[in-house]
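Right, one structure below, let's go through it.
The values are calculated or read from the model by the stated rules, or taken from the named source; none is laboratory data. Model, not experiment: these values are computed from the prediction. A quick note on method: Cβ atoms are made from the backbone with ideal geometry, for glycine too, and the neighbour counts reach across all protein chains shown. With ligands, DNA and RNA removed, areas are computed over all heavy atoms of the protein, side chains included. Shrake-Rupley method; radii C 1.70, N 1.55, O 1.52, S 1.80 Å.
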Amino acid sequence: MIPTAFEYRRAGSVAEALSLLQEGGPEAKLLAGGHSLIPMMKQRLAEPGLLIDIGGLDELRGIQEDGGEIAIGAAMTHAEIAASDLLRAQAPIVAETAANIGDAQVRNRGTIGGSLAHADPGADLPAVMVALDATIALLGPNGERKVQAEDFFQDILTVDLAEDEIVTGVCFQACRSAAYAKLEQRASKFALVGVAAALSLDGGTCSSARVAVTGASSHAQRLSGVEGALAGASLPDGAASAASGAGDALDFVNEDLHGSEEYRRAMTAVFARRAIEAAAGRS
Amino acid sequence: MSEPVPITINVNGRKRSAMVEPRLLLVHFLRESLNLTGTHVGCDTSQCGACTVLLDGSSAKSCTVFAVQADGSEVQTIEGLADGDELHPLQDGFWEEHGLQCGYCTPGMIMSAVNLLEENPAPSEAEIREGISGNLCRCTGYQHIVNAIQHAAERMAQS
Amino acid sequence: MTIADGPALPKLIGERVKRREDPRLIQGQATYVDDIKLPGMLHLAFKRSDIAHGVIRSIDTSAAAAMEGVELVITGAELAEHLGPMPIGTPFPAPDHFSVATDKVRYVGEPVAVVVAEDRYIARDAADAIEVEYDELPAVVDPEAAMEADSATLHEGFERNIAVESYWGGTGVNPETAQPEDDSAVDAAFAEADVVVSQRMLNQRLAPNAMEPRGVVAQYEPGREYLTVWSATQNPHILRTLVAAMMGLGEHQVRAVAPEVGGGFGCKINIYGEEYVAAALSRLVKAPVKWIEDRTEAFLTTTHGRDLLGYIDLAAKSDGTITGLKARIIADIGAYEVLLTAMIPTLTGLMMNGVYRLPVVRHELTEVFTNKTPTDAYRGAGRPEGLYFLERAVDMVARELDMDPAEIRRKNFVPADEFPFATQSGLVYDSGNYEPCLDKALEVADWQGLLAERDAARAEGRIVGVGLSFYVEVCGLGPSAVVPTGGWEHSGVTVERGGKVTATTGASPHGQGNETTFAQMLADHFSIPLEDITILHGDTGVVKQGIGTFGSRSQAVGGAALISAAGKAGDKMKQFAAALMTDQEVSPEDLVFEDGRIQVEGAPEVSKTFAEVADYAYVPVPLPPGMEPGVSEEAFFEPENNTYPFGCHISMVEVDRDTGETKLLKLIAVDDCGNVINPLIVDGQVHGGLAQGIGQAMFEEVVYDEDGQPVTASFMDYVMPRAADLPVFELDRTVTPTPINPLGAKGVGEAGTIGSTPCVVNAAVDALAPFGVTHIEMPLRPERMWRLINEGGQS
């Protein structure tokens, strides 16, 4: 399995990467960890003419907290995110999810920016970002643009990102009472179904919630029915009832060897419940 | 074909410079350009881990890295693991505990285990099994591999 | 004469000796095929069919041929001028099968053209630039539908896509009419039975997935008219024979080398089109050529295993006595017959007697062509399928009768005093003692404790089950009467100057550790240090003759050949030693090997060192009368029968009620492979076999869609067992030696695969039995289990 030929430029700065993107036009693709893109290139499902390497850019690195808002640079690897004490303390869902992506080697190379921009239907982090109501920071020729995660993920492998834009990072409010639960597709280790739940808790009562699913459908999306049912629910006892209709509300559900539509809908409810229970257990 | 570009990678402690086509995979650079054939290719989709090397100290699947991406980096392969004639404790563990049969997955498996023990010097059996989940072995059923890694961890703890 | 002053050498047979193969393998110093580089070497890439069934209308190679660095582009039709149809190794009728398709394609991945280029990147680019147009034909995917009159057919002359049909039953088949002589006993057994279970079961298609894909380097030297082929093969000597025939060469003009081989599991027995093509194109382009398979190609083109559909009926009395078996088996063999394709499913019926006294059997087998990758051996090769069908059915009878699964088996065992035991299928089991093996397994597993643990878990609302299986398998293939390539093995033993020993074996290993076990045997035989012995294999230029490693034969047949050659070499060493002992009257028969010396038995003061005798053998002054100089002996070993190892496996599983995910909690394997040379290696073989058997039960399946497109063509979709999927296996052994070879060793390479699959499925069925489930098809996919929990019945 060998990719087609391409030109390679290593960008020295985000600004340089942007200008290279503009020069390259539709032929150009950004490369960071490469763990979404390179497998596709090897199978010749992607044949970019120009790769712009942004993997080593310091501007895209770092995990910071400022006034309760946490920002993660796009080039941070899953391993770095998993190991972050800051995240473990203030947004454990993110560290834990990153710690269970793929395998050790994939986590050492794969980046959060790449995972979000590629938007594999079975990727874990998109659901977590939607549940956390994260903002995706994009930089283009006209400056910075911020998109809410739930608007960013649009369809299968499709996100609100122009050809000449770069994902520079994500930011979200610190949140301890959030958890992610997934049913792993055992071969690929992607999520057959994964649900992230972020709860606002008042004692044992849920005042509001954001719940998002990945794997089940074309792209990560909110489970608004579950969110509604959670408002005012007492947890963890009310989790099962709130989650019960989770799968039924999805418009489109993936279907393959590993899970039929019916199974994925059912598992959406199961993993919504598990995520809610785990999140409630965190308070 | 696109123009070759110059790269310099420190491989097993030696600076290696070459002109490479951008699409050249790191694993092919190691195997074909440097004749370091201990690193193997077992799949096309980054699942099997036979091509695992240490890239700047962390395990990476060298079939999913372009050589140009590794320009300026340090790479360690199975050939660079022993200290002269003295085997690395993991190599020794694999030998002692019969952690290999056909040997094809072994270099990648050992390099993964190096990464694992670096991060977690005293892993439980379950942590070892999880830690090598990026590496497929078809021969051993993994049990002797787990024993081998435990063997190495104990030895490394003593020294 | 001095008394031996060297250290006493410990006996090594039966010891956990560390492998001698390992230092090179753990340091990246081994040489696999892809590590071979020859000056001027070119690279091959294949253009492969992306449809399952169709007629090739046109192939446009012009763009590929025009690419810089491309040496040659050749289509199947053009190549057919250089290579005829490929040979097979079975006596069954088979359609023509060209290395590269000439006019029609019959499975996705079948090659249609080949590129020769400067490097593999350019070769791939060029292969992608070849344009092929097809007139598509309906894909034949379902083997039962394939036999309907209205099905499309793959091959002319094979109506209803049937490749092979066989039948036996009752008191046997009349060879004149091929009809059963008297089948009434089978029908009577079923009519008189107290209980009959009938079950349709699929033993699903699997991909062997040796971690090293296939690969070949071929170098034809025109000046010498000599071809050297390096290939990732289990049997270089068979490769030599077949590639010579295909190339119109004699075997004296071909050297075949299996360098380090990264696993085989049966899929590297077949000699593939790519091997012939590499040889032919090396001759055509006058340069060495290399082809290395990628994993996607491996999924599409390396032979698959299993894929047998069984309609199984088992009859029994109310006390659990089994009274009859009927098996109708449909083998989906894929698009072509390759080396052993048609033979593998015949082993299934042969072994379906299992460990039981089965009074009557009716066996029907139909092998069917479909538009899929051809099948051939995969670890176990026919036995796992048969034992799965049988052990599932026995379990179903036990469940019907509310009998303990261990006790129904015990009741029907062939008793120890009935060996050698002739089965209904015409085999003769060499030796067996099943009850102690069952008892040991029950003891190691704490069977009653497991049942109690299961019941306690159930009381908590968990879904837990335990399962048991008892298998017998056939190893040590030969004899020659049943192995088309010949069933013997060859070995050579040379005592070198200085008393070192070089031995060769035709049993070419690829992970089995023969370099260690064979050296252990020679070390004990000659009483010399292990370090003084080298075992060479895998090169027909070095190993004069051989068959190869498959069918768990390397120890039982190859080891026996080694001991035979060592015996001859030892005899000659003793003759030289006796001749050296001029001051005593010593007869060679009085001499023994002891701690690096050759001495009079019981009189160590009368001795010579092994080294000085070896030196004398090469400078024999004076030459003893009637003797030739040197010590280099060889032997062929022809086994008179197969060996029949057996064992009992026990497992415990838990199923997640919400998701249907199955976790294997325990697996206990008590195997009896006869005498053990190296317990460490035997344990490793069992572990690996268990993982593959569990893989079949729980995870693995090659799936095609209705158009014959493979759905599982990468590790992204084909679920391989990983470390975290498996428990710590608990192993034990009983030892029932075979009388078939001097070692008493039966073979162990496939055992784990055979026992574990039915054992795990039996446990899963037990887990879901409270939901009314009586059978579960493999693999135990979460969704399948989830449906059964929610809907009951069968899958």
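Quick notes on this structure:
- Filtered residue count, region C:455-506, keeping only those that are out of contact with any Leu (no Cβ under 7 Å at 6 or more places or on another chain), at pLDDT below 95 and farther than 29 Å from C:LYS411 by Cα: 9
- Extreme residue, nearest to the other protein chains (Cβ to nearest Cβ), among residues of region C:775-795 that are farther than 21 Å from C:GLY693 by Cβ and in contact with a helix residue (DSSP H, G or I) (Cβ under 7 Å, 6 or more places away or on another chain): C:GLU783
- Odd one out for C:PHE610 among (1) more than 23 Å from the chain's Cα centre (by Cα); (2) under 21 Å from C:VAL355 (Cα atoms): (2)
- Residue match in region A:261-268 (condition: open to solvent by less than 60 Å² (accessible area, probe 1.4 Å), in contact with a Pro (Cβ under 9 Å, 6 or more places away or on another chain) and assigned to a helix (DSSP H, G or I)): yes
Condition check ((1) within 14 Å of chain A (Cβ to nearest Cβ); (2) among the aliphatic types (A, V, I, L, M); (3) within 13 Å of C:GLY262 (Cβ to Cβ)) across all residues:
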{"site": "B:CYS102", "(1), (2), (3)": "no, no, yes"}
{"site": "B:CYS105", "(1), (2), (3)": "yes, no, yes"}
{"site": "B:GLY108", "(1), (2), (3)": "yes, no, yes"}
{"site": "B:ASN115", "(1), (2), (3)": "yes, no, no"}
{"site": "B:ALA122", "(1), (2), (3)": "no, yes, no"}
{"site": "B:ILE128", "(1), (2), (3)": "yes, yes, no"}
{"site": "B:GLY134", "(1), (2), (3)": "yes, no, no"}
{"site": "B:CYS139", "(1), (2), (3)": "no, no, yes"}
{"site": "B:ILE145", "(1), (2), (3)": "no, yes, no"}
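- Condition met for B:GLY99 (in contact (Cβ under 8 Å) with a residue 24 or more places away in the chain and open to solvent by less than 20 Å² (accessible area, probe 1.4 Å)): yes
- Selection from region B:70-83 of residues that are of a type in the set (Val, Ile, Thr) and assigned to a loop (DSSP other than H, G, I, E, B): B:THR77
- Restricted to region C:331-389, and to residues there that are open to solvent by 10 Å² or more (accessible area, probe 1.4 Å) and part of a helix (DSSP H, G or I), the residue that is farthest from C:PRO138 (Cα to Cα) is C:LEU350.
- Checked against (1) surrounded by 21 or more Cβ atoms within 10 Å (Cβ to Cβ); (2) in contact (Cβ under 8 Å) with a residue 40 or more places away in the chain; (3) not assigned by TED's automatic domain parsing to the domain that holds A:VAL128, A:THR77 passes all but a single condition, namely (3).
- Tally of residues being touching a strand residue (DSSP E or B) at 6+ places or on another chain (Cβ under 6 Å), aliphatic (A, V, I, L, M), within 22 Å of C:VAL474 (Cβ to Cβ) and open to solvent by 40 Å² or more (accessible area, probe 1.4 Å) across region C:399-445: 2
- Some residue of region B:6-23 being assigned to a loop (DSSP other than H, G, I, E, B) and under 14 Å from the mean Cα position of the chain (by Cα): yes
Residue by residue, here is whether (1) over 19 Å from C:LEU623 (Cα atoms); (2) charged (D, E, K, R); (3) in contact with a Ser or Thr (Cβ under 9 Å, 6 or more places away or on another chain) holds:
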{"residue": "C:SER554", "(1), (2), (3)": "yes, no, yes"}
{"residue": "C:ALA560", "(1), (2), (3)": "yes, no, yes"}
{"residue": "C:SER564", "(1), (2), (3)": "yes, no, yes"}
{"residue": "C:GLY570", "(1), (2), (3)": "no, no, no"}
{"residue": "C:MET573", "(1), (2), (3)": "no, no, no"}
{"residue": "C:PHE576", "(1), (2), (3)": "no, no, no"}
{"residue": "C:MET581", "(1), (2), (3)": "no, no, yes"}
{"residue": "C:GLN584", "(1), (2), (3)": "no, no, no"}
{"residue": "C:PHE593", "(1), (2), (3)": "yes, no, yes"}
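Residue by residue, here is whether (1) open to solvent by 30 Å² or more (accessible area, probe 1.4 Å); (2) touching a residue at least 12 places away in the same chain (Cβ under 8 Å); (3) outside any helix (DSSP H, G or I) holds:
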residue: B:GLU32; (1), (2), (3): yes, no, no
residue: B:THR39; (1), (2), (3): no, yes, yes
residue: B:SER46; (1), (2), (3): no, yes, yes
residue: B:VAL53; (1), (2), (3): no, yes, yes
residue: B:VAL68; (1), (2), (3): no, yes, no
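- Check on C:ALA764, more than 20 Å from C:TRP786 (Cα to Cα), surrounded by 24 or more Cβ atoms within 10 Å (Cβ to Cβ) and either over 23 Å from the mean Cα position of the chain (by Cα) or in contact (Cβ under 8 Å) with a residue 12 or more places away in the chain (or both): no
- Selected residue [surrounded by fewer than 21 Cβ atoms within 10 Å (Cβ to Cβ) and within 14 Å of chain C (Cβ to nearest Cβ)] from A:LYS182, A:LYS189, A:LYS146: A:LYS189
- When each of A:ILE93, A:ILE72 is tested for being at pLDDT 95 or above, of a type in the set (A, V, I, L, M, F, W, C), touching a Gly at 6+ places or on another chain (Cβ under 9 Å) and crowded, with 24+ Cβ neighbours inside 10 Å, the lone residue that passes is A:ILE72.
- Selection within region A:120-134 - acidic (Asp, Glu) and over 8 Å from the mean Cα position of the chain (by Cα): A:ASP120, A:ASP133
- Any hit, region C:358-379, residues being within 14 Å of another protein chain (Cβ to nearest Cβ) and at pLDDT 95 or above: yes
- Index of the failed condition, C:LEU25 passing every other in (1) within 8 Å of chain B (Cβ to nearest Cβ); (2) surrounded by fewer than 24 Cβ atoms within 10 Å (Cβ to Cβ); (3) not β-branched (Val, Ile, Thr): (2)
- Applying the condition of being in a strand (DSSP E or B) and either free of Cβ contacts under 8 Å to residues at least 40 places away in the same chain or touching a Cys at 6+ places or on another chain (Cβ under 9 Å) (or both) to region C:253-310 and asking which residue is nearest to the other protein chains (Cβ to nearest Cβ) yields C:GLU260.
- Only one of the listed residues (C:ILE56, C:ILE13, C:ILE36, C:ILE88) is touching a residue at least 24 places away in the same chain (Cβ under 8 Å) and within 30 Å of C:GLU165 (Cβ to Cβ). That residue is C:ILE88.
- Scanning region C:501-521 for residues that are open to solvent by 10 Å² or more (accessible area, probe 1.4 Å) and within 17 Å of C:GLY570 (Cβ to Cβ) turns up at least one hit.
- Subset of region A:185-197 [of a type in the set (A, V, I, L, M, F, W, C), assigned to a strand (DSSP E or B) and more than 14 Å from A:ALA91 (Cα to Cα)]: A:ALA191, A:LEU192, A:VAL193, A:VAL195
- For region C:128-150, a residue qualifies if it is open to solvent by less than 30 Å² (accessible area, probe 1.4 Å) and of a type in the set (Gly, Ala, Ser), and the qualifying residues are C:ALA129, C:ALA146.
- Tally of residues being closer than 30 Å to C:LYS47 by Cα, open to solvent by 40 Å² or more (accessible area, probe 1.4 Å) and within 11 Å of chain B (Cβ to nearest Cβ) across region A:1-35: 2
- Whichever residue in region A:198-207 is farther than 15 Å from A:VAL130 by Cβ and assigned to a strand (DSSP E or B) and, among such residues, is least open to solvent (accessible area, probe 1.4 Å): A:CYS206
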